[in-house]
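Asks: Here's a structure for you.
The values are calculated or read from the model by the stated rules, or taken from the named source; none is laboratory data. Quantities reported herein were computed from a predicted structural model and do not represent experimental measurements. Counting neighbours? That spans all protein chains shown, and the Cβs are built from the backbone with ideal geometry, glycine included.
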Amino acid sequence: MSFSYAQWVAQNRTARYRLSRKSGWLAYCDSGPRVDLPILSRAETALLAEDDLEDYNLARRTWVSNLPIVRTQQVHHAFTVLDQVTASTLRDGDRVRATAVLDGPSGLGKTTVAMSYCRQFHRSTIRALGSHTATGDQRLPVAAVQLGHKTTPKGLLVKLASFYTENVATSINSDRLAEVVLDLVTSCETEMIAIDELHFIDPRTKDGKGLSNHLKWLANELSCAFILTGIGLAKKQFFTEGLPGDEANATAQTSRRSTAIPMVPFTIVTPAGQRGWKDLLNQLEPHLKLAEAEPGVLTDHADLLFARTQGHIGSLTTLLERACGIAYRADIETLTEEVLTRVVLDNAAELSRRAG
Ligand SMILES: Nc1ncnc2c1ncn2[C@@H]1O[C@H](COP(=O)(O)OP(=O)(O)O)[C@@H](O)[C@H]1O
Ligand SMILES: [Mg+2]
(Lines give C-alpha, C1' and ligand atoms only; values in the text may rest on other atoms or scores of the structure.)
(Ligands and ions follow the chains in the order given, each with its own letter.)
Protein backbone atom coordinates (compact mmCIF):
# COMPACT_ATOMS: atom_id res chain seq x y z
CA MET A 1 0.00 0.00 0.00
CA SER A 2 1.65 3.24 -1.13
CA PHE A 3 -0.61 5.67 0.73
CA SER A 4 0.07 5.80 4.46
CA TYR A 5 -2.98 6.62 6.55
CA ALA A 6 -0.80 6.85 9.66
CA GLN A 7 1.22 9.55 7.97
CA TRP A 8 -1.93 11.32 6.83
CA VAL A 9 -3.23 11.35 10.39
CA ALA A 10 0.10 12.73 11.65
CA GLN A 11 0.06 15.52 9.07
CA ASN A 12 -3.63 16.37 9.09
CA ARG A 13 -4.62 15.99 12.68
CA THR A 14 -7.24 18.14 14.36
CA ALA A 15 -6.07 21.76 14.62
CA ARG A 16 -6.43 23.11 18.13
CA TYR A 17 -6.03 26.79 17.42
CA ARG A 18 -7.65 29.47 19.54
CA LEU A 19 -8.90 32.13 17.20
CA SER A 20 -9.03 34.71 19.98
CA ARG A 21 -5.22 34.68 20.24
CA LYS A 22 -2.88 36.08 17.61
CA SER A 23 -0.93 32.81 17.40
CA GLY A 24 -4.07 30.74 16.86
CA TRP A 25 -5.52 33.22 14.44
CA LEU A 26 -2.35 33.23 12.30
CA ALA A 27 -2.23 29.42 12.35
CA TYR A 28 -5.85 29.35 11.15
CA CYS A 29 -5.15 31.87 8.40
CA ASP A 30 -2.07 29.97 7.24
CA SER A 31 -3.68 26.53 7.26
CA GLY A 32 -4.57 25.06 3.88
CA PRO A 33 -7.15 22.40 3.12
CA ARG A 34 -6.34 18.83 4.15
CA VAL A 35 -4.74 16.55 1.56
CA ASP A 36 -7.52 14.46 0.01
CA LEU A 37 -8.04 11.03 1.49
CA PRO A 38 -8.37 8.04 -0.84
CA ILE A 39 -11.15 5.57 0.03
CA LEU A 40 -10.52 1.83 0.13
CA SER A 41 -12.91 -0.78 -1.17
CA ARG A 42 -14.38 -3.29 1.25
CA ALA A 43 -11.97 -5.95 -0.10
CA GLU A 44 -8.97 -3.66 0.50
CA THR A 45 -10.17 -2.79 4.00
CA ALA A 46 -10.47 -6.50 4.80
CA LEU A 47 -6.76 -6.93 4.09
CA LEU A 48 -5.63 -4.22 6.49
CA ALA A 49 -3.80 -5.14 9.69
CA GLU A 50 -5.62 -4.04 12.84
CA ASP A 51 -3.44 -0.96 13.39
CA ASP A 52 -3.77 0.09 9.77
CA LEU A 53 -7.52 -0.23 9.95
CA GLU A 54 -7.52 1.95 13.04
CA ASP A 55 -5.43 4.58 11.24
CA TYR A 56 -7.71 4.41 8.22
CA ASN A 57 -10.82 4.94 10.33
CA LEU A 58 -9.23 7.72 12.36
CA ALA A 59 -8.26 9.46 9.11
CA ARG A 60 -11.82 9.14 7.79
CA ARG A 61 -13.31 10.37 11.05
CA THR A 62 -11.01 13.38 11.05
CA TRP A 63 -12.06 14.11 7.48
CA VAL A 64 -15.79 13.89 8.11
CA SER A 65 -15.52 15.97 11.29
CA ASN A 66 -14.11 18.77 9.15
CA LEU A 67 -16.43 18.90 6.17
CA PRO A 68 -15.57 21.73 3.79
CA ILE A 69 -17.38 25.03 4.05
CA VAL A 70 -20.07 25.02 1.40
CA ARG A 71 -20.74 28.28 -0.43
CA THR A 72 -24.49 28.10 0.07
CA GLN A 73 -26.65 30.92 -1.27
CA GLN A 74 -26.82 32.31 2.23
CA VAL A 75 -23.02 32.27 2.59
CA HIS A 76 -22.74 33.90 -0.81
CA HIS A 77 -25.19 36.61 0.18
CA ALA A 78 -23.45 37.18 3.53
CA PHE A 79 -20.07 37.52 1.80
CA THR A 80 -21.52 40.04 -0.66
CA VAL A 81 -22.87 42.19 2.17
CA LEU A 82 -19.62 41.82 4.10
CA ASP A 83 -17.75 43.03 1.01
CA GLN A 84 -19.87 46.16 1.00
CA VAL A 85 -19.33 46.74 4.69
CA THR A 86 -15.61 46.10 4.37
CA ALA A 87 -15.38 48.79 1.72
CA SER A 88 -15.61 51.21 4.68
CA THR A 89 -12.08 50.19 5.72
CA LEU A 90 -10.90 52.44 2.89
CA ARG A 91 -12.27 55.49 4.69
CA ASP A 92 -9.65 57.73 6.27
CA GLY A 93 -9.09 57.34 9.97
CA ASP A 94 -11.25 60.32 10.93
CA ARG A 95 -14.37 58.66 9.55
CA VAL A 96 -16.39 56.00 11.32
CA ARG A 97 -16.29 52.59 9.69
CA ALA A 98 -19.29 50.33 9.18
CA THR A 99 -20.51 47.38 11.23
CA ALA A 100 -22.05 44.13 10.00
CA VAL A 101 -24.14 41.99 12.33
CA LEU A 102 -24.74 38.30 11.64
CA ASP A 103 -27.88 37.48 13.55
CA GLY A 104 -29.85 34.24 13.86
CA PRO A 105 -30.41 31.07 15.88
CA SER A 106 -27.57 28.79 16.91
CA GLY A 107 -25.89 26.40 14.48
CA LEU A 108 -26.66 28.23 11.25
CA GLY A 109 -23.10 29.09 10.29
CA LYS A 110 -22.77 32.64 11.66
CA THR A 111 -19.36 32.06 13.21
CA THR A 112 -18.29 30.04 10.17
CA VAL A 113 -19.17 32.91 7.83
CA ALA A 114 -17.54 35.56 10.01
CA MET A 115 -14.32 33.61 10.54
CA SER A 116 -13.92 32.49 6.95
CA TYR A 117 -14.60 35.99 5.68
CA CYS A 118 -12.08 37.48 8.09
CA ARG A 119 -9.53 34.84 7.16
CA GLN A 120 -9.92 35.74 3.49
CA PHE A 121 -9.61 39.45 4.35
CA HIS A 122 -6.48 38.76 6.42
CA ARG A 123 -4.86 36.80 3.62
CA SER A 124 -5.62 39.25 0.85
CA THR A 125 -4.48 42.22 2.93
CA ILE A 126 -1.20 40.52 3.83
CA ARG A 127 -0.70 39.57 0.19
CA ALA A 128 -1.26 43.15 -0.93
CA LEU A 129 0.55 45.03 1.83
CA GLY A 130 3.03 42.54 3.31
CA SER A 131 3.31 40.86 6.69
CA HIS A 132 4.77 43.94 8.40
CA THR A 133 3.81 47.58 8.48
CA ALA A 134 6.06 50.39 7.29
CA THR A 135 7.20 50.88 10.90
CA GLY A 136 8.16 47.21 11.25
CA ASP A 137 5.25 45.96 13.33
CA GLN A 138 3.52 42.71 12.52
CA ARG A 139 0.50 43.44 10.36
CA LEU A 140 -2.74 42.03 11.81
CA PRO A 141 -5.59 43.10 9.52
CA VAL A 142 -8.13 41.29 11.72
CA ALA A 143 -8.54 40.88 15.47
CA ALA A 144 -11.04 38.34 16.80
CA VAL A 145 -12.63 38.17 20.26
CA GLN A 146 -15.39 36.16 21.87
CA LEU A 147 -17.57 37.68 24.52
CA GLY A 148 -18.28 35.71 27.66
CA HIS A 149 -21.27 35.47 29.92
CA LYS A 150 -20.27 38.37 32.10
CA THR A 151 -17.93 40.41 29.97
CA THR A 152 -17.70 43.96 31.30
CA PRO A 153 -16.54 46.98 29.29
CA LYS A 154 -13.09 46.57 30.80
CA GLY A 155 -13.25 42.81 30.16
CA LEU A 156 -13.84 43.53 26.49
CA LEU A 157 -10.70 45.67 26.40
CA VAL A 158 -8.74 42.90 28.12
CA LYS A 159 -10.00 40.42 25.55
CA LEU A 160 -9.04 42.71 22.69
CA ALA A 161 -5.58 43.35 24.11
CA SER A 162 -5.14 39.60 24.75
CA PHE A 163 -5.56 38.94 21.06
CA TYR A 164 -2.34 40.86 20.45
CA THR A 165 -0.26 40.10 23.50
CA GLU A 166 -0.02 37.58 26.30
CA ASN A 167 1.03 40.09 28.89
CA VAL A 168 -1.97 42.33 29.35
CA ALA A 169 -1.62 44.55 32.41
CA THR A 170 -5.12 43.90 33.75
CA SER A 171 -4.52 46.01 36.85
CA ILE A 172 -4.47 49.32 34.96
CA ASN A 173 -7.71 51.27 34.71
CA SER A 174 -10.09 51.11 31.75
CA ASP A 175 -9.02 54.44 30.25
CA ARG A 176 -5.40 53.41 30.24
CA LEU A 177 -6.29 49.96 28.88
CA ALA A 178 -8.30 51.59 26.10
CA GLU A 179 -5.15 53.52 25.14
CA VAL A 180 -3.18 50.27 25.06
CA VAL A 181 -5.76 48.70 22.76
CA LEU A 182 -5.81 51.77 20.55
CA ASP A 183 -2.01 51.61 20.23
CA LEU A 184 -2.08 47.90 19.40
CA VAL A 185 -4.80 48.32 16.80
CA THR A 186 -2.99 51.28 15.26
CA SER A 187 0.49 49.81 15.22
CA CYS A 188 -0.65 46.48 13.75
CA GLU A 189 -2.87 48.33 11.26
CA THR A 190 -5.91 46.28 12.22
CA GLU A 191 -8.81 47.14 9.95
CA MET A 192 -11.46 44.71 11.07
CA ILE A 193 -12.56 43.48 14.48
CA ALA A 194 -14.73 40.38 14.77
CA ILE A 195 -16.70 39.97 17.99
CA ASP A 196 -18.52 36.68 18.48
CA GLU A 197 -21.19 35.58 20.96
CA LEU A 198 -22.66 39.05 21.17
CA HIS A 199 -25.90 37.66 22.60
CA PHE A 200 -24.15 37.79 25.95
CA ILE A 201 -24.91 41.51 25.80
CA ASP A 202 -28.53 42.29 26.65
CA PRO A 203 -28.96 46.01 25.95
CA ARG A 204 -32.26 45.96 27.86
CA THR A 205 -30.34 45.55 31.13
CA LYS A 206 -28.13 48.16 32.81
CA ASP A 207 -24.92 46.14 32.43
CA GLY A 208 -25.78 45.26 28.86
CA LYS A 209 -26.45 48.87 28.03
CA GLY A 210 -23.07 49.82 29.45
CA LEU A 211 -21.32 47.26 27.29
CA SER A 212 -23.29 48.20 24.21
CA ASN A 213 -22.40 51.88 24.72
CA HIS A 214 -18.81 50.88 25.19
CA LEU A 215 -18.91 49.01 21.91
CA LYS A 216 -20.19 52.14 20.18
CA TRP A 217 -17.41 54.14 21.74
CA LEU A 218 -14.86 51.59 20.52
CA ALA A 219 -16.30 51.73 17.00
CA ASN A 220 -15.80 55.49 17.04
CA GLU A 221 -12.38 55.38 18.57
CA LEU A 222 -10.72 52.47 16.75
CA SER A 223 -11.27 53.24 13.12
CA CYS A 224 -12.06 49.61 12.26
CA ALA A 225 -14.96 47.85 10.59
CA PHE A 226 -16.75 45.49 12.98
CA ILE A 227 -18.24 42.09 12.25
CA LEU A 228 -20.52 41.14 15.11
CA THR A 229 -22.15 37.75 15.55
CA GLY A 230 -24.87 36.63 17.92
CA ILE A 231 -28.14 34.87 18.55
CA GLY A 232 -31.49 36.69 18.51
CA LEU A 233 -29.94 40.16 18.50
CA ALA A 234 -32.84 41.93 16.79
CA LYS A 235 -35.20 40.42 19.37
CA LYS A 236 -32.99 41.66 22.18
CA GLN A 237 -33.26 45.13 20.69
CA PHE A 238 -29.55 45.20 20.05
CA PHE A 239 -29.98 47.50 17.07
CA THR A 240 -32.24 49.91 18.90
CA GLU A 241 -29.95 49.90 21.94
CA GLY A 242 -32.51 48.32 24.23
CA LEU A 243 -35.38 50.57 23.22
CA PRO A 244 -38.51 49.11 21.69
CA GLY A 245 -40.39 50.61 18.75
CA ASP A 246 -39.89 52.22 15.38
CA GLU A 247 -38.88 55.57 16.76
CA ALA A 248 -35.95 53.93 18.55
CA ASN A 249 -34.99 52.36 15.26
CA ALA A 250 -34.84 55.77 13.65
CA THR A 251 -32.79 57.41 16.36
CA ALA A 252 -30.45 54.66 17.59
CA GLN A 253 -26.92 55.09 16.32
CA THR A 254 -26.37 51.33 16.22
CA SER A 255 -29.32 50.92 13.89
CA ARG A 256 -27.94 53.56 11.52
CA ARG A 257 -24.40 52.29 11.48
CA SER A 258 -24.89 48.56 11.32
CA THR A 259 -26.02 46.32 8.53
CA ALA A 260 -27.91 43.24 9.67
CA ILE A 261 -27.28 39.92 7.97
CA PRO A 262 -30.03 37.60 9.21
CA MET A 263 -29.13 33.90 9.05
CA VAL A 264 -32.04 31.48 8.63
CA PRO A 265 -32.38 27.69 8.39
CA PHE A 266 -32.92 25.96 5.05
CA THR A 267 -36.51 25.39 4.04
CA ILE A 268 -38.05 22.77 1.77
CA VAL A 269 -41.50 24.29 1.42
CA THR A 270 -40.62 26.10 -1.82
CA PRO A 271 -39.05 24.58 -4.95
CA ALA A 272 -36.13 27.03 -4.65
CA GLY A 273 -35.64 26.00 -1.01
CA GLN A 274 -35.64 22.33 -2.00
CA ARG A 275 -33.05 23.00 -4.67
CA GLY A 276 -30.85 24.79 -2.15
CA TRP A 277 -31.10 21.89 0.31
CA LYS A 278 -30.26 19.32 -2.38
CA ASP A 279 -27.36 21.45 -3.62
CA LEU A 280 -25.95 21.46 -0.12
CA LEU A 281 -26.32 17.67 0.16
CA ASN A 282 -24.70 17.18 -3.25
CA GLN A 283 -21.72 19.24 -2.23
CA LEU A 284 -21.22 17.29 0.97
CA GLU A 285 -21.67 13.87 -0.60
CA PRO A 286 -18.10 13.39 -1.95
CA HIS A 287 -16.77 13.92 1.57
CA LEU A 288 -18.42 10.99 3.34
CA LYS A 289 -15.49 8.66 2.61
CA LEU A 290 -17.66 5.54 2.42
CA ALA A 291 -16.72 2.69 0.07
CA GLU A 292 -20.23 1.80 -1.03
CA ALA A 293 -22.09 5.10 -0.93
CA GLU A 294 -23.78 5.39 -4.31
CA PRO A 295 -24.14 8.78 -6.04
CA GLY A 296 -27.24 10.44 -4.60
CA VAL A 297 -26.87 8.75 -1.21
CA LEU A 298 -27.70 12.03 0.55
CA THR A 299 -30.25 13.52 -1.85
CA ASP A 300 -32.12 10.20 -1.80
CA HIS A 301 -32.63 10.87 1.90
CA ALA A 302 -33.20 14.61 1.53
CA ASP A 303 -36.54 14.62 3.36
CA LEU A 304 -35.33 12.43 6.21
CA LEU A 305 -32.20 14.58 6.62
CA PHE A 306 -34.37 17.68 6.69
CA ALA A 307 -36.78 16.19 9.22
CA ARG A 308 -33.88 15.23 11.46
CA THR A 309 -32.15 18.61 11.31
CA GLN A 310 -34.94 21.10 10.48
CA GLY A 311 -32.60 22.54 7.86
CA HIS A 312 -29.96 23.62 10.40
CA ILE A 313 -26.59 23.23 8.74
CA GLY A 314 -24.81 22.68 12.07
CA SER A 315 -27.15 19.79 12.95
CA LEU A 316 -26.64 18.36 9.45
CA THR A 317 -22.85 18.29 9.68
CA THR A 318 -23.12 16.69 13.13
CA LEU A 319 -25.57 14.11 11.81
CA LEU A 320 -23.24 13.20 8.93
CA GLU A 321 -20.23 13.02 11.22
CA ARG A 322 -22.02 10.62 13.55
CA ALA A 323 -23.73 8.56 10.85
CA CYS A 324 -20.42 8.07 9.02
CA GLY A 325 -18.79 7.09 12.32
CA ILE A 326 -21.40 4.34 12.71
CA ALA A 327 -21.00 3.25 9.08
CA TYR A 328 -17.19 3.01 9.42
CA ARG A 329 -17.21 1.13 12.68
CA ALA A 330 -20.01 -1.28 11.81
CA ASP A 331 -18.56 -1.94 8.35
CA ILE A 332 -21.74 -0.73 6.66
CA GLU A 333 -19.86 1.57 4.24
CA THR A 334 -22.93 3.53 3.16
CA LEU A 335 -25.64 5.68 4.75
CA THR A 336 -28.96 3.90 5.04
CA GLU A 337 -32.21 5.16 6.48
CA GLU A 338 -31.52 2.94 9.47
CA VAL A 339 -28.09 4.49 10.11
CA LEU A 340 -29.41 8.04 9.66
CA THR A 341 -32.24 7.33 12.07
CA ARG A 342 -29.97 5.72 14.65
CA VAL A 343 -27.84 8.84 15.20
CA VAL A 344 -28.68 10.77 18.35
CA LEU A 345 -28.56 14.49 17.62
CA ASP A 346 -28.35 17.73 19.55
CA ASN A 347 -31.14 18.45 21.99
CA ALA A 348 -32.87 21.13 19.89
CA ALA A 349 -32.97 18.96 16.78
CA GLU A 350 -34.28 15.98 18.77
CA LEU A 351 -37.02 18.00 20.48
CA SER A 352 -38.13 19.68 17.24
CA ARG A 353 -38.25 16.34 15.45
CA ARG A 354 -40.46 14.83 18.13
CA ALA A 355 -42.71 17.89 18.15
CA GLY A 356 -42.93 17.96 14.33
N1 LIG B 1 -21.36 26.93 4.97
C2 LIG B 1 -21.13 25.83 5.67
N3 LIG B 1 -20.70 24.70 5.06
C4 LIG B 1 -20.50 23.57 5.76
N5 LIG B 1 -20.69 23.47 7.08
C6 LIG B 1 -21.10 24.55 7.74
C7 LIG B 1 -21.35 25.79 7.09
N8 LIG B 1 -21.77 26.68 8.02
C9 LIG B 1 -21.79 26.03 9.19
N10 LIG B 1 -21.39 24.76 9.04
C11 LIG B 1 -21.30 23.73 10.07
O12 LIG B 1 -22.18 24.07 11.11
C13 LIG B 1 -21.49 24.14 12.36
C14 LIG B 1 -22.07 25.27 13.17
O15 LIG B 1 -21.76 26.50 12.53
P16 LIG B 1 -21.45 27.83 13.36
O17 LIG B 1 -20.81 28.76 12.40
O18 LIG B 1 -20.71 27.52 14.61
O19 LIG B 1 -22.92 28.30 13.71
P20 LIG B 1 -23.41 29.52 14.60
O21 LIG B 1 -22.27 30.44 14.83
O22 LIG B 1 -24.52 30.12 13.79
O23 LIG B 1 -23.92 28.90 15.88
C24 LIG B 1 -20.05 24.34 11.98
O25 LIG B 1 -19.20 23.76 12.93
C26 LIG B 1 -19.92 23.63 10.67
O27 LIG B 1 -19.69 22.26 10.89
MG1 LIG C 1 -21.36 30.92 16.67
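Asks: Take region 80-103 and flag every residue that is touching a helix residue (DSSP H, G or I) at 6+ places or on another chain (Cβ under 6 Å) and within 15 Å of ligand 1 (Cβ to nearest atom).
Replies: Answer for region 80-103, where residues must be touching a helix residue (DSSP H, G or I) at 6+ places or on another chain (Cβ under 6 Å) and within 15 Å of ligand 1 (Cβ to nearest atom): L82, A100, L102.
Asks: In addition: Only one residue in T89, T62 is polar (S, T, N, Q), under 22 Å from the mean Cα position of the chain (by Cα) and closer than 17 Å to A194 by Cβ, so which one is that?
Replies: One residue alone meets the criteria, T89.
Asks: I'm told N57 meets every condition in (1) in a loop (DSSP other than H, G, I, E, B); (2) more than 8 Å from ligand 1 (Cβ to nearest atom) except one. Can you identify the failing condition by its number?
Replies: (1)
Asks: Which numbered condition in (1) farther than 26 Å from S41 by Cβ; (2) modelled with pLDDT of 95 or more; (3) part of a loop (DSSP other than H, G, I, E, B) is the only one that L335 fails?
Replies: (1)
Asks: Moving on. Return a yes/no flag: does region 117-136 have any residue that is of a type in the set (K, R), more than 16 Å from ligand 1 (Cβ to nearest atom), in a helix (DSSP H, G or I) and modelled with pLDDT of 95 or more.
Replies: Taking region 117-136 as the starting set, the residues that turn out to be of a type in the set (K, R) are 119, 123, 127.
Now restrict to residues that are more than 16 Å from ligand 1 (Cβ to nearest atom): 123, 127.
Adding the requirement that they be in a helix (DSSP H, G or I) leaves 123, 127.
Imposing the further condition that a residue be modelled with pLDDT of 95 or more reduces the set to 123, 127.
Yes: region 117-136 contains one or more residues that are of a type in the set (K, R), more than 16 Å from ligand 1 (Cβ to nearest atom), in a helix (DSSP H, G or I) and modelled with pLDDT of 95 or more.
Asks: So, one more: Within region 109-165, can you find the residues that are over 27 Å from G210 (Cβ atoms) and of a type in the set (S, T, Y)?
Replies: Listed by number, the residues that qualify are T112, S116, Y117, S124, T125, S131, T133, T135.
Asks: Would you pick out the residues in region 69-84 that are in contact with a Phe, Trp or Tyr (Cβ under 7 Å, 6 or more places away or on another chain) and either more than 16 Å from ligand 2 (Cβ to nearest atom) or among the polar types (S, T, N, Q) (or both)? It would help to see each step written out before you state the result.
Replies: First, the residues of region 69-84 that are in contact with a Phe, Trp or Tyr (Cβ under 7 Å, 6 or more places away or on another chain): 79, 82.
Selection gives F79 alone.
Asks: So is A59 surrounded by fewer than 16 Cβ atoms within 10 Å (Cβ to Cβ), more than 16 Å from ligand 2 (Cβ to nearest atom), small (G, A, S) and more than 27 Å from R139 (Cβ to Cβ) or not? Before you say what the answer is, go through the steps one by one.
Replies: Values: surrounded by fewer than 16 Cβ atoms within 10 Å (Cβ to Cβ): no; more than 16 Å from ligand 2 (Cβ to nearest atom): yes; small (G, A, S): yes; more than 27 Å from R139 (Cβ to Cβ): yes.
So A59 fails the test.
Asks: Out of (1) surrounded by 15 or more Cβ atoms within 10 Å (Cβ to Cβ); (2) part of a helix (DSSP H, G or I), the odd one out for A291 is which?
Replies: (2)
Asks: Let me ask another. Residues being aliphatic (A, V, I, L, M), more than 13 Å from ligand 1 (Cβ to nearest atom) and in a helix (DSSP H, G or I): count how many of those fall in region 294-332.
Replies: Selection size over region 294-332: 7.
Asks: Hey, could you check region 183-212 for residues that are β-branched (V, I, T) and in a helix (DSSP H, G or I) and say which is nearest to ligand 1 (Cβ to nearest atom)? Show your work before the answer.
Replies: If we filter region 183-212 for residues that are β-branched (V, I, T), which is where we start, we get 185-186, 190, 193, 195, 201, 205.
Filter again for in a helix (DSSP H, G or I), leaving 185-186.
Working: V185: 24, T186: 30 Å.
Checked region 183-212; the qualifying residue nearest to ligand 1 (Cβ to nearest atom) is V185.
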